[in-house]
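All remarks here apply to the structure that follows.
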Amino acid sequence: MSRDGRLGVGIIGAGKVGPIVGAALAGAGHALTGITSGSDDDRVEAILPGVPVLEAPEVVRRSELVVLAVPHEELPGLVAGLAELGAWQVGQLVLHVDAAYGTDVLTPAAARGAIPLAVHPAITFTGTSIDLRQLPASYAAVTAPAAVLPIAQALAVEMGCEPVVVAEGDRPAYAEAIAIATQFARSIVQQATGILGGIGVENPGGYLSALVRSTVDDALTRASPHGGTPELPDDPLG
């Protein structure tokens, strides 16, 4: 870490999440060292203009903080493969954004002296600048060894999120809750809009927008302690 606390940040994973996390950290003053190539390099360039597109080992070599934003099933192999190449560096921060894993998945990197961190921003990423406006209205699940937990919490804050500590052993249950909330909500909306479209309602998504949002808000209020208004970070959208 540099003297002023700013880091050289590399991103492995150029899907919907990695570029946005990179942009958020760059907005907090960190320097982006590189990002791996993805299926839509033009979109990544629009979000992270001028950031070098590099192979994963070179991203690791250049970076003090490496953000891993790859699909769930690819993460263990990626971490282990980079360890076999001798890519991980002593004292390097390695952070993944997967909901289901804690820091155990980063053991091959930690065995070579890297510092393992797990931070999952709890939003549905679109891969666009809209996400940068949503992050400050969200929470992030943070898992890390006790000695470096403040670092993980600080990085979550710099992404714009309110950090909430989730224990290593609780990450599978946390991921299940996230999956239920996202998949169930999406499937119900798709089913309802399909029915409305089938009876000739134009713009069924728009028709249901206020209903779905107010229903979800009511459910969140009922789920909060004592039925009060849920405590949320300030919404930058007003």
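The values are calculated or read from the model by the stated rules, or taken from the named source; none is laboratory data. All values reported here derive from a predicted model rather than from experimental measurement. Cβ placement follows ideal geometry from the backbone for every residue including glycine, while neighbour counts extend to all protein chains displayed. Just so you know, the surface numbers come from the protein's heavy atoms only, side chains and all, with ligands and any DNA or RNA stripped out. Shrake-Rupley method; radii C 1.70, N 1.55, O 1.52, S 1.80 Å.
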Hey, any hits in the range 28-38 for a residue that's touching a His at 6+ places or on another chain (Cβ under 8 Å), crowded, with 23+ Cβ neighbours inside 10 Å and at pLDDT 95 or above? no
Taking the residues in the range 113-136 that are polar (S, T, N, Q) and closer than 22 Å to Ile180 by Cβ as candidates, determine which candidate is surrounded by the fewest Cβ atoms within 10 Å (Cβ to Cβ). Thr126
Which members of the range 161-210 meet the condition of being under 25 Å from Arg133 (Cα atoms), open to solvent by less than 60 Å² (accessible area, probe 1.4 Å), in contact with a strand residue (DSSP E or B) (Cβ under 7 Å, 6 or more places away or on another chain) and not hydrophobic (A, V, I, L, M, F, W, C)? Pro163, Tyr174
Show the residue pairs that are 6+ apart or on different chains and have beta-carbon atoms under 6 Å apart, the first residue being within the range 33-50 and farther than 15 Å from Ala23 by Cβ and part of a helix (DSSP H, G or I), the second being of a type outside the set (Gly, Ala, Ser) and open to solvent by less than 60 Å² (accessible area, probe 1.4 Å). none
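Conditions tested, residue by residue: (1) free of Cβ contacts under 8 Å to residues at least 24 places away in the same chain; (2) out of contact with any strand residue (DSSP E or B) (no Cβ under 6 Å at 6 or more places or on another chain); (3) more than 23 Å from Ile178 (Cα to Cα).
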| position | (1), (2), (3) |
| --- | --- |
| Val59 | no, no, yes |
| Ser63 | no, no, yes |
| Ala83 | no, yes, yes |
| Val105 | no, yes, no |
In the range 2-27, which residue that is under 20 Å from Leu82 (Cα atoms) and not in a helix (DSSP H, G or I) is most open to solvent (accessible area, probe 1.4 Å)? Gly15
Which residue, of Ala109, Ala83, Ala100, Ala141, is crowded, with 16+ Cβ neighbours inside 10 Å, modelled with pLDDT of 95 or more and part of a loop (DSSP other than H, G, I, E, B)? Ala100
I need a count of the residues in the range 130-146 that are of a type outside the set (Val, Ile, Thr) and in contact with a helix residue (DSSP H, G or I) (Cβ under 7 Å, 6 or more places away or on another chain). 6
